[in-house]
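S.K.: Just passing along the structure, written as structure tokens.
Derivation of every value follows stated rules applied to the coordinates shown; laboratory data play no part. The shown structure was predicted, so the numbers you read here are calculated from the model rather than taken from an experiment. Note that we place each Cβ from the backbone using ideal geometry, even for glycine, and neighbour counts take in every protein chain shown.
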Amino acid sequence: MTKIQLIIILVLAAIITLIAVPRGVKISHVSKAEHAALTIASAFQQYQVDTGQECSSIENLLSDPGVSGWLGPYISEKTTHNPWGGTYAVDVKSKKIGIPVGDKAPDQYEFGGPEEISFSFDTSETMIQDKSTTTDESKVSAEQTN
């Protein structure tokens, strides 16, 4: 192999690396952000199960707010930070956990963005979904026995 061929191979390898690595980092960040937001949303639901009250802030998941039945901490401090160095926020009105507008994350992943990363912690929504799943399973069982 000549020196020119070796240089061409090294240049091509560098170009492929420059294209592939940023995409992999983006996918990794999005995946980590989705996982953490879902973990926090689940912790909000567990807080409500344990205390009988809706959780009003992420901080109440970390340290006892003096509410009867609190069995936390429900999440670790590390979970509250998103992969871009910002934090997660609670949208109390829509009962969602996500990335706040103006955060260090790319705009498309923030509340209201086209690729918003957020999860609902509305327990009534979960109950409705569970009931519809049970109803569908009952219909299938009934059809199979007939």
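S.K.: Taking amide hydrogens as modeled 1.01 Å from N in the peptide plane, which residues meet the under 5 Å criterion relative to Lys96, leaving out close sequence neighbours?
M.R.: Asp91, Phe121
S.K.: Right, another one. Could you compute the net charge surrounding Asn60? Neighbours are other residues with a C-beta less than 13 Å from the C-beta of Asn60; K and R count +1, D and E count -1. Could you put the intermediate results ahead of the total?
M.R.: Values: positive: none; negative: Asp50, Glu54, Glu59, Asp64.
With Lys, Arg at +1 and Asp, Glu at -1, the neighbours total -4.
S.K.: Continuing with the same structure: Any chance you could list P(r) for segment 3-134, counting all Cα-Cα pairs in 10 angstrom bins from zero, rounded to whole %?
M.R.: Values per bin, smallest distances first: 12, 33, 26, 14, 8, 5, 2, 0.
S.K.: Net charge within 15 Å of Thr79 by Cβ-Cβ distance, Lys/Arg positive one each and Asp/Glu negative one each, not counting Thr79 itself?
M.R.: Taking every other residue near Thr79 into account, the sum is -1.
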